[in-house]
Amino acid sequence: MGARLDYNMSIRKTSQSGSTNINNLVTTSFDVRFRGMGGGANHNQELQSRFGSMYDISSMRTDTRAVGGRPQYAQSVHNSQDYNAWISSIEGNEVWSGYYPDTLIPLYEFIVQEHFGTRTQALRDALRSAIHRHLGVQAPVPAGFVRINGGTFMMGSPGSETGRDSDEGPQRQVTVSSFNMGMYPVTQREYQEVMGNNHSNFRGDNLPVEMVTWFDAIEYCIWRSLREGITPAYTMTNRVPTTGHPITSATVTWNRNANGYRLPTEAEWEYACRAGTTTPFNTGNNITTAQANYDGNSPGTYRERTTTVGSFPANAWGLYDMHGNVWEWCWDWYGSYAIGAQTDPTGAVSGIVRVIRGGSWGNVGAGLRSAYRGYDGPASWSIGTGFRLVRP
């Protein structure tokens, strides 16, 4: 059993004339202060064994006055190019591979003095994510989200399923990594707070936002991430129009190492919707209008509009409105399923339309099935389409 390692981490920067422009950076110091391992040679040996893959220990400065007489180690870079390269290497997920697997680390003793905003935040988040991955420690679940533990399931529908469409096959084994998913579709209040506008047809703070294009949903993910000081998962360029909504065209790239908000992949969406079930609906072989908002006119109720999120029972994993209310945009281009087992698939490489899932208030029951695939152009919007968020 390895010794318990307690630490504080701080990031300090100095700049010319107090400027907060990263290009005016003079010196950046990353200080890790360790407690509980003693001082001197034993401390250095322990540090080298645990952190050797992250730093060239010999290049570090030692200040034995820090932390009650125990050493402090500082790594400095002297210009913005070095700093950006350093962050890129950390985001490359290789830096923490030297840890003993049984090391216990209090992850939230991070002390960050932020003078350069999102770049400092990006560094902290990258380090935190790397620790989580390599030590198998689960980060706190964001408020309003549910932790979806990874696993393997049969994606698509069997040939015998009533109402099945041919694009729901071939049914195949898919493995999905763990992620956090919003309990509800994004509400109009949430959208308005971030974007400053709301073009929904059915108005209400706690109704799901609709009348949003796929591009609008992507931009919301970007701006909400920036608003909360986390690294956006997406970069958007060539936006049309340059301002205003709806967005009808843009180039979008996905940084899979970022910890910001994003749309679920189609595989993540179906895995979360099913919540361990193999039946057509997560409610079983059938669904009723007491369980979801859809066109149940024969028999049942047709409400002819969206309903407040969370009005119906959650699935077994605590997610609401996975069937009905509004369609939900996914990341994937719509295309034929690959044959054979897959891990964390992200859909077709290119396409014309994007996947939407879950069905809406205007669909009959068959369109709400867990395996049912919808699609629409990324510049399209409707009174029946919204979206739900995911975070690592």
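Since every read-out is calculated from the coordinates, none of them should be taken as a lab result. From a predicted model like this one, the values you see are computed outputs, not experimental measurements. Cβ sites come from the backbone with ideal geometry, for glycine too, and all protein chains shown count toward neighbours.
Residues of region 355-371 being in contact with a Ser or Thr (Cβ under 8 Å, 6 or more places away or on another chain) and in a loop (DSSP other than H, G, I, E, B), which ones?
Ser360, Trp361, Arg369, Ser370, Ala371
Of all residues in region 308-343, which are out of contact with any Gly (no Cβ under 9 Å at 6 or more places or on another chain) and touching a residue at least 60 places away in the same chain (Cβ under 8 Å)?
Scanning region 308-343 gives Val309, Gly310, Ala314, Gly318, Ser336, Ala338, Ile339, Gly340, Ala341, Gln342, Thr343.
Quick check: is even one residue across region 365-385 closer than 28 Å to Gly159 by Cβ and in contact with a Pro (Cβ under 7 Å, 6 or more places away or on another chain)?
Among the residues of region 365-385, at least one is closer than 28 Å to Gly159 by Cβ and in contact with a Pro (Cβ under 7 Å, 6 or more places away or on another chain), which makes the answer yes.
Check Arg164, Arg203 and return the single one that is assigned to a loop (DSSP other than H, G, I, E, B) and buried (at least 17 other Cβ atoms within 10 Å of the Cβ).
Arg164
Test of understanding: among Ala316, Ala272, Ala258, Ala233, which residue is surrounded by fewer than 20 Cβ atoms within 10 Å (Cβ to Cβ), aliphatic (A, V, I, L, M) and closer than 30 Å to Ala338 by Cβ?
That would be Ala316, the only listed residue that is surrounded by fewer than 20 Cβ atoms within 10 Å (Cβ to Cβ), aliphatic (A, V, I, L, M) and closer than 30 Å to Ala338 by Cβ.
Which one of these is of a type in the set (A, V, I, L, M), over 29 Å from Arg256 (Cβ atoms) and part of a loop (DSSP other than H, G, I, E, B): Ile352, Ile339, Ile383?
Ile383
Going by what's in this entry, would Asp376 be described as out of contact with any strand residue (DSSP E or B) (no Cβ under 7 Å at 6 or more places or on another chain), surrounded by 16 or more Cβ atoms within 10 Å (Cβ to Cβ) and touching a residue at least 40 places away in the same chain (Cβ under 8 Å)?
Judged against the criteria, Asp376 is not a match.
From the list Glu304, Glu328, which residue is crowded, with 16+ Cβ neighbours inside 10 Å and out of contact with any Cys (no Cβ under 8 Å at 6 or more places or on another chain)?
Residue meeting the stated conditions: Glu328.
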